[in-house]
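What follows is a set of notes on a single structure, which appears directly below.
The values are calculated or read from the model by the stated rules, or taken from the named source; none is laboratory data. What you are looking at is a predicted structure, and each value in this text was computed from that prediction instead of being measured. For neighbour counting, all protein chains shown are included, and Cβ atoms are generated from backbone atoms with ideal geometry for every residue, glycine included.
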Amino acid sequence: MAFINGAQLIDRVKGVGVIILGVSENRSWIELLYEGDLMHTRTVDLPSDALLDISVEEIPHKTTVYEPPRVTIYLESACDIEVRRDGNRVIVRGCSSPDSV
C-alpha cells in the first residue's frame, strides 16, 4: 500500500466523467463512470467493515444529484481521480492533467 501525506492510496483512475457515492447495507461505496461511455464503470473497493466519510475535493463539476442512498456528481470534463483513505475518511481528488496519474 502506498501512503501520500499519511493517507493510504486506494486507487487512481484516468478519464472519469461521473462519480457516484453511496451507502448500502451499512457499507460506503464509490463507482466511477468513464467520460463518453456511461455504461463503462469502475468500482473502488472500500473496506466493508465500517461506514466511511467520503469527501470530494478539487474536482470541477457541473451538476450534483442527490438521490438517497447515493449522490451522483457530473464532472465538467474528464478528470484523473485519486482515492485516498485517512482513518475513517476517504478523499476523492482529481485534476484535469493527464500527467497526474
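Considering only residues in region 47-84 that are charged (D, E, K, R) and buried (at least 18 other Cβ atoms within 10 Å of the Cβ), the one that is nearest to the chain's Cα centre (by Cα) turns out to be 82.
Among residues of region 23-46 being touching a residue at least 24 places away in the same chain (Cβ under 8 Å) and closer than 16 Å to residue 85 by Cα, the one that is surrounded by the fewest Cβ atoms within 10 Å (Cβ to Cβ) is 45. Residues in region 47-88 that are closer than 13 Å to residue 19 by Cβ, touching a Leu at 6+ places or on another chain (Cβ under 6 Å) and of a type in the set (Lys, Arg): there are none. Cβ-Cβ distances below 9 Å connect no pair with a first residue in region 72-90 that is closer than 16 Å to residue 60 by Cα, a second residue that is surrounded by 18 or more Cβ atoms within 10 Å (Cβ to Cβ) and polar (S, T, N, Q), and a separation of six or more residues or different chains. Name the residues in region 47-71 that are more than 18 Å from residue 7 (Cα to Cα), in contact (Cβ under 8 Å) with a residue 12 or more places away in the chain and in a strand (DSSP E or B), would you? 61, 62, 70, 71 - these are the residues of region 47-71 that are more than 18 Å from residue 7 (Cα to Cα), in contact (Cβ under 8 Å) with a residue 12 or more places away in the chain and in a strand (DSSP E or B). In region 11-42, of all residues being among the β-branched types (Val, Ile, Thr) and either at pLDDT below 90 or more than 10 Å from the chain's Cα centre (by Cα) (or both), the one that is nearest to residue 90 (Cα to Cα) corresponds to 23.
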